[in-house]
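The values are calculated or read from the model by the stated rules, or taken from the named source; none is laboratory data. Owing to the predicted nature of the structure, the values given are computational and were not obtained by experimental measurement. Reconstructed Cβ throughout: ideal geometry from the backbone, glycine too, with neighbour counts over all protein chains shown.
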Ligand code: ADP
Ligand code: ADP
């Protein structure tokens, strides 16, 4: 029933103890929001769950197998095949068109060009970007660029979508539109979503929230929130 789990994860950066025994379990198909103040360790927890950082101590499990003990090559494969990522900014290649950006993960996974582009194009349409396919992504508005980033994150149909402050650089209305699309496409695809945000309005889109404080995860039942 759980697809992804961190068990008592510790992670330090030099003298900074970013995580000090964080545990979280994510259910299959669930949309989980990780909240907490700036510097509490949210992004580090997401990076550990996603196999970007190896924990110094503790365990990370994905789909019934331990993944924190995998070597760098295997973790890179896991991220490429099973995970999708959306960050706050800087994730698109500005010189490439919107369509090229969406096709890129498939090309990197060595799919034939025709197949990669045939698979990428419908995603632009799905996210309302059909008119922008041949625009350089550096010329798109913030909301359009985030929708391209979302299309790129979902084009290879990942098992888990990791989103770190995906609306952090957008105004409220644009951010809501991006969250609506993120939630509806993830639901349609049955994708599990792990969302990091400090914004309660963004977390409100999730099925469940946890709060990270001082490097530890605290579960907050919504009824207990003032
Ligand atoms: P949050 O996402 O809640 O803002 P982070 O996980 O980004 O928190 O950071 C937790 C702590 O770890 C902070 O003190 C931050 O400065 C530090 N930290 C995070 N990543 C790194 C890194 N790559 N190198 C050094 N320190 C880091
Ligand atoms: P957030 O608070 O949303 O995580 P940050 O700007 O703190 O955003 O972090 C952005 C990236 O920089 C993250 O990948 C994080 O791990 C890294 N980072 C955070 N703090 C530090 C730090 N003190 N030194 C180096 N890298 C850091």
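A few remarks follow.
- Flag if residue 92 is within 27 Å of residue 202 (Cα to Cα) and either over 14 Å from the mean Cα position of the chain (by Cα) or assigned to a loop (DSSP other than H, G, I, E, B) (or both): yes
- Within the stretch 171-190, if we keep just the residues that are touching a helix residue (DSSP H, G or I) at 6+ places or on another chain (Cβ under 7 Å) and within 19 Å of residue 29 (Cβ to Cβ), the residue that is surrounded by the fewest Cβ atoms within 10 Å (Cβ to Cβ) turns out to be 189.
- Taking the criterion of being away from ligand 1 (no atom under 13 Å from the Cβ) and crowded, with 20+ Cβ neighbours inside 10 Å, the only residue of the stretch 39-59 that qualifies is 51.
- Residue 168 satisfies every condition listed in (1) surrounded by 15 or more Cβ atoms within 10 Å (Cβ to Cβ); (2) closer than 16 Å to residue 37 by Cα; (3) in contact with a strand residue (DSSP E or B) (Cβ under 9 Å, 6 or more places away or on another chain) except (3).
- Leading residue by the ranking (farthest from ligand 2 (Cβ to nearest atom)) among those in the stretch 22-38 that are surrounded by fewer than 15 Cβ atoms within 10 Å (Cβ to Cβ) and farther than 14 Å from residue 63 by Cα: 37
- Pick from the stretch 121-142, criterion within 19 Å of the chain's Cα centre (by Cα) and surrounded by 20 or more Cβ atoms within 10 Å (Cβ to Cβ), ranking: nearest to ligand 2 (Cβ to nearest atom): 127
- The residues of the stretch 30-51 that are within 19 Å of residue 67 (Cβ to Cβ) and either in contact with a helix residue (DSSP H, G or I) (Cβ under 6 Å, 6 or more places away or on another chain) or at pLDDT below 95 (or both), listed by number, are 34, 51.
- Output for the stretch 6-19, where each listed residue is part of a strand (DSSP E or B) and surrounded by fewer than 18 Cβ atoms within 10 Å (Cβ to Cβ): 7, 8, 10, 12, 13, 16, 17
- Selection count, the stretch 1-29, where residues are more than 13 Å from ligand 1 (Cβ to nearest atom) and more than 21 Å from residue 66 (Cβ to Cβ): 1
- Of all the numbered requirements in (1) at pLDDT 95 or above; (2) in contact with a helix residue (DSSP H, G or I) (Cβ under 9 Å, 6 or more places away or on another chain); (3) away from ligand 2 (no atom under 16 Å from the Cβ), residue 64 misses one, and that requirement is (2).
- Single unsatisfied condition, residue 88 versus (1) within 19 Å of residue 198 (Cβ to Cβ); (2) modelled with pLDDT of 95 or more; (3) surrounded by fewer than 19 Cβ atoms within 10 Å (Cβ to Cβ): (2)
Yes/no matrix, rows are residues, columns are (1) touching a residue at least 12 places away in the same chain (Cβ under 8 Å); (2) under 30 Å from residue 138 (Cβ atoms); (3) touching a strand residue (DSSP E or B) at 6+ places or on another chain (Cβ under 8 Å); (4) more than 16 Å from ligand 1 (Cβ to nearest atom):
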residue: 37; (1), (2), (3), (4): yes, no, yes, no
residue: 70; (1), (2), (3), (4): yes, no, no, yes
residue: 82; (1), (2), (3), (4): yes, yes, yes, yes
residue: 89; (1), (2), (3), (4): yes, yes, no, no
residue: 93; (1), (2), (3), (4): yes, yes, no, yes
residue: 104; (1), (2), (3), (4): yes, yes, no, yes
